[in-house]
Amino acid sequence: MNFSSKLLEDAVTEFSKLPGVGQKTALRLVLHLLGKEQEEVDSFGQSIIKLKRDIKHCSICHNISDQAICSICTSQKREKEVICVVEDTRDVMAIENTSQFFGVYHVLGGLISPMDGIGPSDLFIDSLVQRVATTPVKEIILAISATMEGDTTLFYLYKRLKDFQIPITTIARGIAFGGELEYADEITLGRSIVTRVPYVNSIIK
């Protein structure tokens, strides 16, 4: 792609580093910003800078937060004894949009994937085990995407948590194998949460 401006080229290059954004889309976004008032562009840029500089991760559940402890963990309306374990913040948002879950979360920060060099120690699994060991918990819901990495992570979590003698459930497989939670429609995901089943049922042949 030929550019008439090095500044334009540099901006397009940076935008094209975003996931799912090719050079043509990046160019369209950059030209869109160029057509905006200076104040709007400044506000856009500052919001990204402030996001990266000031964002926090909840010290309890590891969800993205503005405070040291997120609003879900501090809410008096949430059922603290029910923990829903998810891969990342996108899954928290997807489940919250269903309005079918009223417990709290634990964000792993990824899935076990030996092919990608991601092992249990790279995720927030130890903090989950410590959380279960030190706070009252009456159910753990494993809301993990139905992928090979997801199933590997599910089985590992079950082995780490089963000795606590706490019900461990998993979302019903209304989600197709290979599907990720963030892309599931709200009705399907909501039903999968409501109709969750004991995880042990899925590993006993």
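Read the figures in this text as sums done on the coordinates, not as results from a lab. Quick caveat: nothing in here was measured; it's all calculated off a predicted structure. When we count neighbours, we look across all protein chains shown, and the Cβ atoms used for this are built from the backbone with ideal geometry, even at glycine.
Which of these, Gln38, Gln130, Gln76, has the largest mean-square fluctuation under a Gaussian network model of the chain (Cα springs below 10 Å)?
Looking only at Gln38, Gln130, Gln76, the largest GNM fluctuation is found for Gln38.
What is the local net charge at Phe15, summed over the other residues whose Cβ is closer than 13 Å to its Cβ (Lys, Arg +1; Asp, Glu -1)?
Its environment carries a net charge of 0.
How big is the gap, in Å, between the Cα center of the stretch 88-114 and the Cα center of the stretch 7-57?
When both Cα centres are located, 27 Å separates them.
Suppose we take every Cα in the stretch 6-54 and form the convex hull; what volume per residue is that in Å³?
Taking only Cα atoms, the stretch 6-54 has a hull volume of 79 Å³ per residue.
Among (i) 8, 37, 40, 14, 1, 0; (ii) 8, 28, 29, 19, 12, 4, 0; (iii) 8, 30, 33, 21, 7, 1, only one was calculated for this model; which label is it, if the read-out is P(r) over Cα pairs in 10 Å bins from 0, in percent?
The value matching this structure is (ii).
List every residue whose amide H lies under 5 Å from the amide H of Ile118, counting only residues 5 or more places away in sequence or on a different chain, with H placed 1.01 Å from N in the peptide plane.
The answer is Ser113.
Would you please give the residues with an amide H less than 5 Å from that of Ile60, counting only those at least 5 places away or on a separate chain, with H modeled from the backbone geometry?
Residues meeting the criterion, in which the H sits 1.01 Å from N, are Cys70.
List every residue whose amide H lies under 5 Å from the amide H of Val85, counting only residues 5 or more places away in sequence or on a different chain, with H placed 1.01 Å from N in the peptide plane.
Amide H neighbours of Val85, under 5 Å, 5+ apart: His106, Ile141, Leu142, Ala143.
At 0.36 nm per residue, and after removing the present C-alpha to C-alpha distance, how many nm does the segment from Phe155 to Glu37 gain when stretched out fully?
37.2 nm is the gain from fully extending Phe155 to Glu37.
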